[in-house]
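Read-outs: derived from the displayed coordinates by stated rules, not from any lab. Given the structure is predicted, the values throughout are model-derived calculations rather than measurements. Note that we place each Cβ from the backbone using ideal geometry, even for glycine, and neighbour counts take in every protein chain shown.
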Amino acid sequence: MENVEKYELTILFEIYRDWISEIDFYQNEIDFLEELLSQHLIAIKKPAYNNISDQLIQNITQIKALLIHIKSIIYTQNKLLSVIIENNSRGEDTFEKNHLLLMADFKNLINKVKEIKLSVYTILKDVLKKNKQKRLIQ
């Protein structure tokens, strides 16, 4: 367990707890972005945005599913970690393999959340700017 030995097994419980906390935060952020998009959906559906709203909504739906999936994997890893600690190392190979995959999935998730946030913020910033310009002209 070369890579996992860098951490004491009990520290991994804390790492997983922190990851769950981050995922909960991201779930709230994604819900907020989804609500924000829905409030400006008519403006975003205009041809000027090439109907990018459909793609954003699809991406948000995928990220929501990914958040749930990774959270489930973390809970499973936590259970396996408990078994390893109780049984003095039985199951370490499976745990290490799953842990490495989970680390990669978690990093990928964070990047996807950042990408969708940037996309939503960029488009909404443009929509709000155009709305402000229209009001100033009138």
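Observations
- Peptides 27-39, 123-135, ordered by how many other C-beta atoms sit within 10 Å of their residues on average, highest first, read 27-39, 123-135.
- Taking only Cα atoms of the chain, radius of gyration then Dmax in Å: 20.5, 74
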